[in-house]
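J.: What follows is a structure written as structure tokens; I'll ask about it next.
The values are calculated or read from the model by the stated rules, or taken from the named source; none is laboratory data. Owing to the predicted nature of the structure, the values given are computational and were not obtained by experimental measurement. We place every Cβ from the backbone using ideal geometry, glycine too, and count neighbours over all the protein chains shown. Ligands, DNA and RNA are excluded from the accessible area calculation, which covers all protein heavy atoms including side chains. Shrake-Rupley method; radii C 1.70, N 1.55, O 1.52, S 1.80 Å.
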Amino acid sequence: MSDPEHESSTPLFLSGGRSGMALTPEQRRVVDALCHELTPEQMIWLSGYLAGAAGWSSQSQSPPLLAPQGAADSQSLPVVTILVGSETGKSLLVAQHITRRLEEAGMVAQLRDLAEYNPADLRKVPYAVFCVSTHGEGEPPLPAAELQSYLQASKAPKLDRLQFAVFGLGDRSYPRFCQFARDIDERLVSLGAKPLLQRVECEGDHEQQAENFAQALSARLLAQGQAPRLEVVPGRGAARHLPTAAMAAERLLLSGRGASKAVYHIELQMEQNPTYQPGDTLHIQPCNDPATVAALLAAMGYADSEQVQVNDVTVSLHQALLERCEITTVSQSVAAAYGQMAGVNALTERLEHETLPLEQWDVLEMVRLFPPQRLTPQGLVDLLRPLAPRAYSICSSPSTHEGEVHLLVEQVFTPPGRVGAASGFLATVPVGNMLQGLSWHENPYFHLPQDPTVPILMIATGTGIAPFRSFMAEARETGRRGFHWLVFGERHFRTDFYYQREWQRLLKEKVLSRLDVAFSRDGFGRVHVQDRLMEQAQLVYGQLQEGAHVYVCGGEAMEKEVRQTLLGIIQSQGSLGAEQAQEVWRQIEKSRRYHRDVYGG
Amino acid sequence: MNTTSKPSELEVIKSKSRALRGTLAESLAHAITGAVSPDDVQLLKYHGIYMQDDRDLRDERLHQKLEPAYSYMVRLRLPGGVLSSAQFLGIAELARRYGAGSLRLTSRETVQFHHVDKRALRSLLQGCVALGLDSRGTCGDVNRNVMTPHHPFASPHHQAMQELGEAISRAFLPEPSAYEEVFLERGQRPVTVDSFYGPVYLPRKFKIALALPPNNDVDVFAYDLNFVGLVEDDRLARLVVLVGGGLSFSHDDARTAPYLAQALGCCRPEQAVAVARAVLLWQRDHGDRSDRKQARLKYTVARLGLERMRHDVEELMGAALEDPVPFAFTHRGDHLGWFEDQGGRHYGLFVPGGRLEGNGLERLCAVIARHDEPICISPNHNITLVRANLDLSSELDALWGPPTPMAAQAMACVSLPTCPLAMAESERYLPQFLSKIASLWQAHVVQGRPPSVRITGCPNGCTRSVLGEVGLVGKGPGLYNLYLGASPRGDRLGRLVAEGQQEEHLLARIEEAFALFASQRLAEEPFGDCMNRLLDTGLLADRAAVSPGGAAG
Ligand SMILES: Cc1cc2nc3c(=O)[nH]c(=O)nc-3n(C[C@H](O)[C@H](O)[C@H](O)COP(=O)(O)OP(=O)(O)OC[C@H]3O[C@@H](n4cnc5c(N)ncnc54)[C@H](O)[C@@H]3O)c2cc1C
Ligand SMILES: NC(=O)c1ccc[n+]([C@@H]2O[C@H](COP(=O)([O-])OP(=O)(O)OC[C@H]3O[C@@H](n4cnc5c(N)ncnc54)[C@H](OP(=O)(O)O)[C@@H]3O)[C@@H](O)[C@H]2O)c1
Ligand code: HEM
Ligand SMILES: Cc1cc2nc3c(=O)[nH]c(=O)nc-3n(C[C@H](O)[C@H](O)[C@H](O)COP(=O)(O)O)c2cc1C
Ligand code: SF4
């Protein structure tokens, strides 16, 4: 380092080079001083040491040399507990983001999954941040069930030493938007806890809102005197999120002749090699049907060329309706906003007094039934919800179907004559076409158990069978040897037994250990998956006792009944009281052995 | 018998079957497939059930990652095709519930359900039992449904023949324990070896028919064992015993051929069951069990000779047969519309293709609901409403209307899409084929009775096509063998005049035949007889002369 050329100037790598990782002037002084003292060998050694140290810190272990000192300090610091209640992993992403930001600001943040968290600890911690979604009909996500009953109990303790913040995730198309976040917020206040921030209710655009929330939160905490401190708390790997493109390589109608639905197997050739795990989902940003958009423009009396602002960008109204606004579904809040902004009093009144069949409407239908008195193009675009991506369970496995992602998509035709934005598009996209705006999403709570010998019970109706095709393809490839039991329900044996030949082969190969089917509309009794579980109650119970993980995918109502059935089986087979059975069930949920991925009816 | 050869695969399946149970119970319970195990497919037949799949959909479903659309055909045991009207209505209801609303009357006087789901088999068979019907032994290597002269109520002699038919049918039923255990769910039955058939049943299917001259409606030369009733002094005096008929053959296997039955001797009517027993036992013990293509009685007779057979049969009976006496048939076919005989006034209902479904079935049921007398299925898959009420006249006439003279005698087997053996279309092809040759007939002949036209989708010959005056036997998609010269009395086989040809060529040959018929016909000479004569004289060329090197194989 005594090279005259570098004598007067700072070496490039120390200034942070082109990557902009500049050292503070103070740090640079220390390094410069050191450089003058050290032998070249020492410097080389130090560079290695520093690189090693960087690795340690990212693996959350203190460098051995500094450990004793650091450990003593962190004990005495107030910790911010980030509590996650998530089903499909979105709240977890938000929580990870917030954790990272707090850490970057030098705080001690600890990310905990509510499934494993003892709510009684809330009495001891100073700061808690809740990242929670809402599921069912305004119900808590599964992992938060225990928190819910703890907080709602009449003997819930005072929590007056707790300061908290709530970040809620939800979907405005459900009547009880972010209900669980609201419940927590209100209940904590009534138990004496003090809010740090106003509750956030987030639908879509989680990243931006999480960022805003994290900044506000760290500012608030720092103002409270939370000392900066470098410590990183383990979190789970981040979900993959990058938009990508794919070519539609194959599209097969799986529904046999005479079927009452149209379900397609779609194979996508991904532009980037996909890095998903079985259980993950692919999100698709749909485009609306151009004919419907044209009809809507005509019904509103707007010209295509009108310009509107969407997220601070100016686009044509036509483009906004095509690509940016949700027009295939109408939620209560959209209908209400339309009633107000378009001055349609009849609609506003009826919304107040009766339940309108909103699930039967699209925006065009609403406009036709209730023509606007006044509404600017900008007003329309503002009141509509942003066109959200649709999730599809991936039914391929990365180890078997290299470079591909397979989906099982039911073309939604509700009400008759209309098609769903995304499923309609997927069902008709010509093979060979490119699809844009895809992203795969990790579904961390719907992955196979780490231990390849743990039995799994997979329960599905309809397209809910998709992730299990992925599971079993993976099991076949990796030689997973647990007991693999699939219970599948659909309408008709002849037409709706998706991947029937594959299941038969997997059974023969003993990858799949058992398959029970419940076809409900063949005229042999209206049997459902839960009936099959009841018939095999003893086996179900035995598997649960062996530590089986249960996965449920498909209709929401089905999942509820399956859960009740499993609880009933635990009670009857274990000769337990209702309370005890509940407790066993809580343990199963707590140890994350019950996984669900549900959608729609 | 060829005792040194290895028994065929099916012989092994039979012998391991635990008296026809196999793993049927497990196969029926196996919910992830509509099929049963390959061995059970064979055993189902003994219970009157064929596994089939919709061959139109095979490829499509393969791409859809679905197994073939399996379904089952169930054939009833109905000696002489006699049903009460309540039974008919009951069957129709079962078809609505379990058989896609479709019934097929067959050329052997019985009824088939099609498109039955595996899960419905038990309910269907139990429903049949509740009507006093069953499907036992209507397929498989046993005695099948027994045919009697149509219709059994025509005279006391017909009635007597019907009674013989029923007695034979009863006498040679396979042991019922598996049927009762597996399908009727009457609890576990002891597994016992069949007391008549033994552990491996017959070497091959076995068909029996009875006929009463002068009408050979059952095609009495076409089956393994046949009885021709001879009336003397207005009394059913004796039976001529015919053996070794059978129309089935295999394309490209010269060792196989259609055979007409030959007279073995004569017996008294009361000996019919004893004769049948002896013939069945003889075939059981002497038939070829190593090669199913050589296993039918006709080959056993050819191998061992008629003399030897008569000797053995007499020994088995413990009684001598009389020598055969001559007899003659003048025609075959059904009376259609109103007709009268000693039994009363009846209505012969033409059923297109023997197929009853949809609106046609519903309207027929409405008529039959008002008909209290028996209903008989004819050997041409038509129906006779015995002693029908004249009030039903207009409704009956309106059902399918009177057929054209050519359609009235035409028959086609089920074939595609459900028959697993089918090589070419048959039931679905018949209407268009008929209309094409009917216009050729119009153009060239006009007068005279048109020929009987019969099509089968393969050489199994379910509708006895080589006995049709114009006979088509499927050989490949859109390809048929054409046979001309068969006797209209069912006592002479047709001769091959075109082999494996497309419609265009077949029609050309038929047109040529019709033109010759118009110019060469002797007075009142039926088409089949005329063709036979012309073939003999060389005026009509057989296939070798017509298309040298043109036909395959
Ligand atoms: C985690 C997750 C995984 C999913 N996995 C799959 C999958 O593997 N395969 C699959 O096909 N779908 C799956 N879905 C559902 C999918 O994301 C879409 O909701 C569905 O395809 C409808 O979207 P669309 O844009 O076509 O219809 P939209 O344009 O959103 O809706 C059009 C109309 O259809 C109605 N509708 C919406 N969904 C349904 C439905 N399921 N049944 C009947 N009517 C409906 C709406 O109310 C509206 O009236 C999954 C959903 C989630 C949340
Ligand atoms: N508008 C909506 O949001 C919405 C939501 C869901 C479904 N749907 C309708 O259903 C279709 C798709 O939904 P789907 O894939 O769930 O198909 P589905 O055909 O409704 O259901 C598939 C199978 O699940 C069974 N099932 C229904 N409810 C159940 C329950 N509570 N517990 C257990 N099993 C149950 C069904 O039995 P049964 O035959 O007894 O129904 C059927 O066998 C669409 O075509 C649409 O018409 C609409
Ligand atoms: C830029 C160059 C280098 C990098 C990035 C680097 C990185 C690392 C890392 C990450 C470790 C820790 C491994 C562990 O956790 O077990 C390590 C350990 C080690 N490195 Fe390097 N190294 C570099 C250069 C060197 C050089 C030049 C030497 C020796 C001349 C060296 C000697 C060692 C030794 C001896 C250890 C073991 C230390 C121990 O056991 O505690 N390294 N190095
Ligand atoms: C079956 C189901 C039911 C839902 N019910 C509601 C609801 O009642 N209210 C709401 O605001 N959001 C509801 N949502 C939307 C979720 O809260 C939203 O998708 C959220 O982003 C999921 O976050 P998570 O992945 O962390 O669970 C529901 C979602 C699903 C799949
Ligand atoms: S003749 Fe052949 S194709 Fe026709 S039904 Fe009989 S077996 Fe099937």
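J.: B:D234 versus (1) in contact with a strand residue (DSSP E or B) (Cβ under 9 Å, 6 or more places away or on another chain); (2) under 19 Å from B:L164 (Cα atoms); (3) not aliphatic (A, V, I, L, M): which is the lone unmet condition?
T.: With (1) in contact with a strand residue (DSSP E or B) (Cβ under 9 Å, 6 or more places away or on another chain); (2) under 19 Å from B:L164 (Cα atoms); (3) not aliphatic (A, V, I, L, M) applied to B:D234, the lone miss is (1).
J.: Also: All but one of (1) buried (at least 20 other Cβ atoms within 10 Å of the Cβ); (2) within 16 Å of ligand 1 (Cβ to nearest atom); (3) among the small types (G, A, S) hold for A:S173; which doesn't?
T.: It fails just one condition, (1).
J.: So which strands (runs of 3 or more DSSP E) stay within segment B:424-539 end to end and still have 1 or more residues that are of a type in the set (S, T, N, Q)?
T.: Per the criteria, B:453-456, B:479-484, B:495-501.
Every residue, every condition in (1) outside any helix (DSSP H, G or I); (2) crowded, with 17+ Cβ neighbours inside 10 Å; (3) within 16 Å of ligand 2 (Cβ to nearest atom), yes or no:
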{"site": "A:V367", "(1), (2), (3)": "no, yes, no"}
{"site": "A:R374", "(1), (2), (3)": "yes, no, no"}
{"site": "A:Q378", "(1), (2), (3)": "no, no, no"}
{"site": "A:Y392", "(1), (2), (3)": "yes, yes, yes"}
{"site": "A:S396", "(1), (2), (3)": "yes, yes, no"}
{"site": "A:H401", "(1), (2), (3)": "yes, yes, no"}
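J.: Please enumerate the residues belonging to segment A:96-151 that are among the polar types (S, T, N, Q), modelled with pLDDT of 90 or more and part of a helix (DSSP H, G or I).
T.: Matches in segment A:96-151: A:Q96, A:T99, A:Q148.
J.: Another question, if that's okay. List the number of the failed condition for B:D219; all other conditions in (1) over 12 Å from the mean Cα position of the chain (by Cα); (2) closer than 12 Å to B:D491 by Cβ; (3) of a type in the set (D, E) hold.
T.: Evaluating B:D219 over (1) over 12 Å from the mean Cα position of the chain (by Cα); (2) closer than 12 Å to B:D491 by Cβ; (3) of a type in the set (D, E) leaves (1) as the failure.
J.: Continuing with this model, one more query. Does B:T256 fit the bill of being open to solvent by less than 10 Å² (accessible area, probe 1.4 Å), within 28 Å of B:K475 (Cα to Cα) and among the polar types (S, T, N, Q)?
T.: no
J.: Is it the case that B:L94 is touching a Gly at 6+ places or on another chain (Cβ under 6 Å) and either open to solvent by 40 Å² or more (accessible area, probe 1.4 Å) or within 14 Å of chain A (Cβ to nearest Cβ) (or both)? Steps first, answer last, please.
T.: Details: touching a Gly at 6+ places or on another chain (Cβ under 6 Å): yes; either open to solvent by 40 Å² or more (accessible area, probe 1.4 Å) or within 14 Å of chain A (Cβ to nearest Cβ) (or both): yes.
Criteria met by B:L94.
J.: I'd like the full set of residues that are within 14 Å of chain B (Cβ to nearest Cβ), more than 31 Å from the chain's Cα centre (by Cα) and not basic (K, R), limited to segment A:521-559.
T.: A:D522, A:G523, A:F524, A:G525, A:V527, A:E535, A:Q536
J.: Could you look through segment A:435-471, keep only residues that are among the hydroxyl-bearing types (S, T, Y) and open to solvent by 10 Å² or more (accessible area, probe 1.4 Å), and pick out the one that is nearest to A:F519 (Cα to Cα)?
T.: A:T461
J.: Sticking with this structure for a sec: So B:G485 clears everything in (1) touching a helix residue (DSSP H, G or I) at 6+ places or on another chain (Cβ under 6 Å); (2) within 19 Å of B:G333 (Cβ to Cβ); (3) modelled with pLDDT under 95 except one condition, right? Which one?
T.: Just one mismatch for B:G485, condition (3).
J.: Can you confirm whether B:M51 is at pLDDT 95 or above and in contact with a Leu (Cβ under 7 Å, 6 or more places away or on another chain)? Spell out the reasoning first.
T.: Details: at pLDDT 95 or above: yes; in contact with a Leu (Cβ under 7 Å, 6 or more places away or on another chain): yes.
In short, yes.
J.: What residue, of B:A319, B:A388, is crowded, with 20+ Cβ neighbours inside 10 Å, at pLDDT 95 or above and in a loop (DSSP other than H, G, I, E, B)?
T.: Working: B:A319 fails: crowded, with 20+ Cβ neighbours inside 10 Å.
Just a single option satisfies the conditions, and that option is B:A388.
J.: While we're on this one: Is there a residue in segment A:218-226 that is in contact with a helix residue (DSSP H, G or I) (Cβ under 7 Å, 6 or more places away or on another chain) and at pLDDT below 90?
T.: Taking every residue of segment A:218-226 in turn, at least one turns out to be in contact with a helix residue (DSSP H, G or I) (Cβ under 7 Å, 6 or more places away or on another chain) and at pLDDT below 90.
J.: Run down B:A100, B:A120 and say which single residue is touching a His at 6+ places or on another chain (Cβ under 6 Å), within 14 Å of another protein chain (Cβ to nearest Cβ) and of a type in the set (G, A, S).
T.: So the residue among B:A100, B:A120 that is touching a His at 6+ places or on another chain (Cβ under 6 Å), within 14 Å of another protein chain (Cβ to nearest Cβ) and of a type in the set (G, A, S) is B:A100.
J.: Quick one: in segment B:419-440, of everything that is open to solvent by less than 10 Å² (accessible area, probe 1.4 Å) and more than 10 Å from ligand 5 (Cβ to nearest atom), which residue is nearest to the chain's Cα centre (by Cα)?
T.: B:F433
J.: Applying the selection to segment B:203-240, what residues are touching a Pro at 6+ places or on another chain (Cβ under 8 Å) and of a type in the set (V, I, T)?
T.: Listed by number, the residues that qualify are B:V218, B:V228, B:V240.
J.: Hey, among A:P278, A:P274, which residue is in contact with a strand residue (DSSP E or B) (Cβ under 6 Å, 6 or more places away or on another chain), in contact (Cβ under 8 Å) with a residue 12 or more places away in the chain and in a loop (DSSP other than H, G, I, E, B)? It would help to see each step written out before you state the result.
T.: Values: A:P278 fails: in contact with a strand residue (DSSP E or B) (Cβ under 6 Å, 6 or more places away or on another chain).
None of the others qualify; the one that does is A:P274.
J.: Another question, then. Taking segment A:498-515 as the region of interest, how many residues are part of a strand (DSSP E or B) and more than 7 Å from chain B (Cβ to nearest Cβ)?
T.: 1
J.: Residue check, A:L282 against (1) under 14 Å from A:S423 (Cα atoms); (2) away from every other protein chain (no Cβ under 14 Å); (3) over 23 Å from the mean Cα position of the chain (by Cα); (4) at pLDDT 90 or above, all met but one. Which one?
T.: (3)
J.: Can I ask one more? Filter segment B:47-60 for residues that are open to solvent by 10 Å² or more (accessible area, probe 1.4 Å) and either more than 9 Å from chain A (Cβ to nearest Cβ) or in contact with a Pro (Cβ under 9 Å, 6 or more places away or on another chain) (or both) and give the result. Steps first, please.
T.: Within segment B:47-60, the first condition is being open to solvent by 10 Å² or more (accessible area, probe 1.4 Å), and the residues that meet it are B:50-60.
Across segment B:47-60, the qualifying residues are B:Y50, B:M51, B:Q52, B:D53, B:D54, B:R55, B:D56, B:L57, B:R58, B:D59.
J.: Among the residues of segment B:68-87 satisfying the criterion of being outside any strand (DSSP E or B) and open to solvent by 10 Å² or more (accessible area, probe 1.4 Å), which is farthest from the other protein chains (Cβ to nearest Cβ)?
T.: B:P79
J.: Output the residues belonging to segment A:487-521 that are open to solvent by 40 Å² or more (accessible area, probe 1.4 Å) and either within 16 Å of ligand 4 (Cβ to nearest atom) or touching a residue at least 12 places away in the same chain (Cβ under 8 Å) (or both).
T.: A:R491, A:H492, A:R494, A:E509, A:S513, A:R514, A:R521
J.: Quick one: A:E474 ticks every box in (1) within 13 Å of chain B (Cβ to nearest Cβ); (2) part of a helix (DSSP H, G or I); (3) among the acidic types (D, E) except a single one, so which number is it?
T.: (1)
J.: Which residues, taken from segment A:335-393, are under 16 Å from A:Y174 (Cα atoms) and away from ligand 1 (no atom under 16 Å from the Cβ)?
T.: A:A336, A:A337, A:L351
Condition check ((1) more than 31 Å from the chain's Cα centre (by Cα); (2) open to solvent by 40 Å² or more (accessible area, probe 1.4 Å)) across all residues:
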site: A:D304; (1), (2): yes, yes
site: A:T329; (1), (2): no, yes
site: A:V334; (1), (2): no, no
site: A:A337; (1), (2): no, no
site: A:A346; (1), (2): yes, yes
site: A:E352; (1), (2): yes, yes
site: A:P371; (1), (2): yes, yes
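J.: Pull out all pairs, ordered by first then second residue, where Cβ-Cβ is under 6 Å, the residues are six or more apart or on different chains, the first lies in segment B:453-468 and is away from ligand 4 (no atom under 16 Å from the Cβ), and the second is charged (D, E, K, R) and open to solvent by less than 10 Å² (accessible area, probe 1.4 Å).
T.: Partner pairs satisfying both residue conditions: B:T463/B:R454; B:R464/B:D219; B:S465/B:R454; B:L467/B:D219; B:G468/B:R454.
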